[in-house]
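Chemist: The structure is given below, and queries will be raised subsequently.
The values are calculated or read from the model by the stated rules, or taken from the named source; none is laboratory data. The structure presented is a predicted model; accordingly, all values stated were derived computationally and were not measured. We place every Cβ from the backbone using ideal geometry, glycine too, and count neighbours over all the protein chains shown. Surface accessibility is based on the protein's heavy atoms, side chains included, excluding ligands, DNA and RNA. Shrake-Rupley method; radii C 1.70, N 1.55, O 1.52, S 1.80 Å.
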Amino acid sequence: MSVAAQIGDVSFAHPGADLPSLDRVSLTVSQGESVALLGASGAGKTTLLTLLDGRLRDWRGRVSVLGMPLDPDNAPPRARRADTGFVFQEFALVERSTVLRNVLNGRLGRMPSLRAFVGSPSSLDLEAARIALVDCGIADLAERRVDSLSGGQRQRVAIARCLAQEPRLILADEPVSSLDPARAAEILALLTEAARARGATVLFSSHQPDLARRFSDRIVGMKGGRIVFDGGVADLGDAATSDLYRETVTVPGIDLRAVN
Amino acid sequence: MRSRGLGSFAVGVLVAGAVVWSIVTTDVELSRLLSAGPRIADFLGRMLPPDPTVVDEIIKGGAETLRIAILGSLGAVFLSVPLGILASETMVSPAIYRPIRMLLAFIRAIPLILVAMLMVGAVGLGPLPGIIAVAFHATGMLAKFYAEAIDGVSRAPISALESAGAGPLARLRHAIWPQMAPVVARDTIFRFELNLRESLVLGIVGAGGIGFYIQTYVRSFQYDKAASVTLAVIVMVIAIEALNVALRRRFR
């Protein structure tokens, strides 16, 4: 099985922070895997995902994504960035644009510069957007403005934008933490099934261990910028789970996340 | 605490000193103030009733003021787009936006009427100096507004487009512009309203528009005609404000 992402001994601290967000982290993810990142706020999940997306600077260590090494000083080239899709916790949609426009934004990395600036999609771009809309069950919302949608519908748009990109690696940063439990399971099912159908690797972070178990085949637990658990879904017992969240469950309501 | 009390005392002395200095050195005679009542009544009496025969001049002057405001605003928009981008923290580095912001503050500090007088000297009488003056003066505010509109957008969609592989210009077009467009529309309409209000007085220094007629009629003691033109100015200001309010509702 080929490797989708490989992290070797990576450390990173946010400017001005006392403690590192990533502390000598090593991780290998195989192509086609569905991996859940578990851990409390501030454990380093968002930083790890941002690193793999090529948007983190000034880290130390070795990272290669889809067979290409990442450079700590420079963003990956445009065409490479399109191969890695990212689903944001707060959707990160352009609120005043239509659903279709937002989904087509996922195609910008696949278009030549001028076409991307003008925003005139080719028939290939439109077809990719159409398939993504249908797969996410929002084809009927295509002409609606995003600011008129519910939270669940917005996350469907964000996932459709990611799928339209035709990524081989999908990174999702707490994609369902702002949704109610029923909606959360629906969206995670949608994301992981769409990825499986496309043969894409998924790495998603979550606060909810039960959801993580249901929708992944491997769990990676993080705490204080380190990987403290890595195993199959069955290996993660209740004791290991509560250990991941110890120290932080005593301060409910306080968000310790270092990276937003 | 002690130094703070001292500070307030110093400010108090400064303000009191400024007021006393102004009263003592300005020629304010109580007798002139008391005799002013009948003279103001006489002045107002001569304004009434307003002379309606100047309607042609009002239309001509009003149309010219409107043209000055429209072309001046257009010029300001053209100048403000590049300057606004160069004054924004999101788009350029501090080495660029700091001096540009200082330049804009400098432009804002020069009153329109002063720019108009200089332009009359430079290009002669008529609406052209008025148009140039309005474009120049309005850019100081409009470019600052545009920069703030760019800096006020949500960063998350920009990151999302960067992640998807969009270049800087594509991000500007598809993530920043859709968010700032309604703000830019509102700011531009607001600035147009200000331009129209301010260009009403440009005629006084010979830079074109309806102000020319107020100036002429007051100088020649035709107060009834001046009153008609003044009324027309008030109506124009109220009309543009109403139009502004109606338009702003459309941009959300």
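Chemist: Select from the range B:44-69 the residues that are open to solvent by 80 Å² or more (accessible area, probe 1.4 Å) and assigned to a helix (DSSP H, G or I) and list them in ascending order. Walk me through it before giving the result.
Modeler: Of all residues in the range B:44-69, those open to solvent by 80 Å² or more (accessible area, probe 1.4 Å) come to B:44, B:46, B:48-49, B:52-53, B:56, B:59-60, B:67.
Passing the criteria: B:Leu44, B:Arg46, B:Pro52, B:Thr53, B:Asp56, B:Ile59, B:Lys60, B:Arg67.
Chemist: While we're looking at this one, here's another question. Residue check: is A:Leu37 in contact with a His (Cβ under 8 Å, 6 or more places away or on another chain), among the hydrophobic types (A, V, I, L, M, F, W, C), closer than 20 Å to A:Ala158 by Cβ and open to solvent by less than 10 Å² (accessible area, probe 1.4 Å)? Talk me through it step by step, then tell me what you get.
Modeler: Working: in contact with a His (Cβ under 8 Å, 6 or more places away or on another chain): no; among the hydrophobic types (A, V, I, L, M, F, W, C): yes; closer than 20 Å to A:Ala158 by Cβ: yes; open to solvent by less than 10 Å² (accessible area, probe 1.4 Å): yes.
No; evaluated as a whole, the condition is false for this residue.
Chemist: Hey, can you tell me all the residues within the range A:192-211 that are within 12 Å of A:Gly32 (Cβ to Cβ) and in a helix (DSSP H, G or I)?
Modeler: If the condition is that a residue be within 12 Å of A:Gly32 (Cβ to Cβ) and in a helix (DSSP H, G or I), then A:Thr192, A:Ala195, A:Arg196, A:Ala197, A:Arg198 are the ones that fit.
Chemist: Let me ask something additional. Go through the residues of the range B:177-186 one by one and say whether even a single one is on the phi < 0 side of the Ramachandran plot, within 25 Å of the chain's Cα centre (by Cα), more than 14 Å from every other protein chain (Cβ to nearest Cβ) and not aliphatic (A, V, I, L, M). Quick ask: steps written out before the conclusion?
Modeler: Of all residues in the range B:177-186, those on the phi < 0 side of the Ramachandran plot come to B:177-186.
Remaining after also requiring within 25 Å of the chain's Cα centre (by Cα): B:180-186.
Keeping just the survivors that are more than 14 Å from every other protein chain (Cβ to nearest Cβ) gives none.
There is no residue in the range B:177-186 that is on the phi < 0 side of the Ramachandran plot, within 25 Å of the chain's Cα centre (by Cα), more than 14 Å from every other protein chain (Cβ to nearest Cβ) and not aliphatic (A, V, I, L, M).
Chemist: Let me ask another. Name the residues in the range A:182-223 that are open to solvent by less than 60 Å² (accessible area, probe 1.4 Å) and over 23 Å from A:Arg154 (Cα atoms), would you?
Modeler: Within the range A:182-223, A:Gly199, A:Pro209, A:Arg218, A:Ile219, A:Val220, A:Gly221, A:Met222, A:Lys223 qualify.
Chemist: Also, quick follow-up: I want to confirm something. Restricting to the range A:67-126 and keeping residues that are of a type in the set (S, T, N, Q) and under 18 Å from the mean Cα position of the chain (by Cα), which single residue is surrounded by the most Cβ atoms within 10 Å (Cβ to Cβ)?
Modeler: Here is the first cut: in the range A:67-126, the ones of a type in the set (S, T, N, Q) are A:74, A:84, A:89, A:97-98, A:102, A:105, A:113, A:120, A:122-123.
Pick out the ones that are also under 18 Å from the mean Cα position of the chain (by Cα) and you get A:84, A:89, A:102, A:105.
Working: A:Thr84: 28, A:Gln89: 19, A:Asn102: 30, A:Asn105: 28.
Among them, the one singled out is A:Asn102.
Chemist: Tally time: how many residues in the range B:199-250 are in a loop (DSSP other than H, G, I, E, B) and under 20 Å from the mean Cα position of the chain (by Cα)?
Modeler: Step one: filter the range B:199-250 for residues in a loop (DSSP other than H, G, I, E, B), giving B:200-201, B:206-210, B:220-222.
Cutting the leftovers down to under 20 Å from the mean Cα position of the chain (by Cα) gives us B:200-201, B:206-210.
Selection size over the range B:199-250: 7.
Chemist: Would you pick out the residues in the range A:65-118 that are of a type in the set (A, V, I, L, M) and on the phi > 0 side of the Ramachandran plot?
Modeler: We begin by selecting, within the range A:65-118, every residue of a type in the set (A, V, I, L, M); these are A:65-66, A:68, A:70, A:75, A:79, A:82, A:87, A:92-94, A:99-100, A:103-104, A:108, A:111, A:114, A:116, A:118.
Hits for the range A:65-118 are A:Leu66, A:Ala92.
Chemist: Here is a further query. Within the range A:31-138, which helices (runs of 4 or more DSSP H) (wholly inside it) include 1 or more residues that are more than 12 Å from every other protein chain (Cβ to nearest Cβ)? So that I can check it myself, show each step before the final result.
Modeler: Working: elements: A:45-52, A:78-83, A:99-105, A:113-118, A:123-135.
Output list reads A:45-52, A:99-105, A:123-135.
Chemist: How many residues does the range B:202-244 contain that are open to solvent by 70 Å² or more (accessible area, probe 1.4 Å) and among the aliphatic types (A, V, I, L, M)? Give the steps one after another, and end with the answer.
Modeler: Of the residues in the range B:202-244, the ones open to solvent by 70 Å² or more (accessible area, probe 1.4 Å) are B:204, B:212, B:219, B:221, B:231, B:234-235, B:238, B:241, B:243.
Retained after the next criterion (residues that are among the aliphatic types (A, V, I, L, M)): B:204, B:231, B:234-235, B:238, B:243.
Number of matching residues: 6.
Chemist: Specify which of the listed residues (A:Gly32, A:Gly44) is modelled with pLDDT of 90 or more and crowded, with 19+ Cβ neighbours inside 10 Å. Give the steps one after another, and end with the answer.
Modeler: Numbers: A:Gly32 fails: crowded, with 19+ Cβ neighbours inside 10 Å.
So the residue among A:Gly32, A:Gly44 that is modelled with pLDDT of 90 or more and crowded, with 19+ Cβ neighbours inside 10 Å is A:Gly44.
Chemist: If I ask for residues that are more than 7 Å from chain A (Cβ to nearest Cβ) and either under 25 Å from A:Pro112 (Cβ atoms) or basic (Lys, Arg) (or both), which ones from the range B:146-161 would you list?
Modeler: Hits for the range B:146-161 are B:Arg155, B:Ile158.
Chemist: For the condition open to solvent by less than 30 Å² (accessible area, probe 1.4 Å) and either assigned to a helix (DSSP H, G or I) or closer than 20 Å to B:Leu202 by Cβ (or both), what is the one hit in B:Ala95, B:Ala122, B:Ala135, B:Ala105?
Modeler: Values: B:Ala95 fails: open to solvent by less than 30 Å² (accessible area, probe 1.4 Å); B:Ala122 fails: open to solvent by less than 30 Å² (accessible area, probe 1.4 Å); B:Ala105 fails: open to solvent by less than 30 Å² (accessible area, probe 1.4 Å).
Result: B:Ala135 is the single residue among B:Ala95, B:Ala122, B:Ala135, B:Ala105 that is open to solvent by less than 30 Å² (accessible area, probe 1.4 Å) and either assigned to a helix (DSSP H, G or I) or closer than 20 Å to B:Leu202 by Cβ (or both).
Chemist: Specify the residue that is modelled with the highest pLDDT; the eligible residues are those in the range B:3-36 that are assigned to a loop (DSSP other than H, G, I, E, B) and open to solvent by less than 100 Å² (accessible area, probe 1.4 Å).
Modeler: B:Thr26
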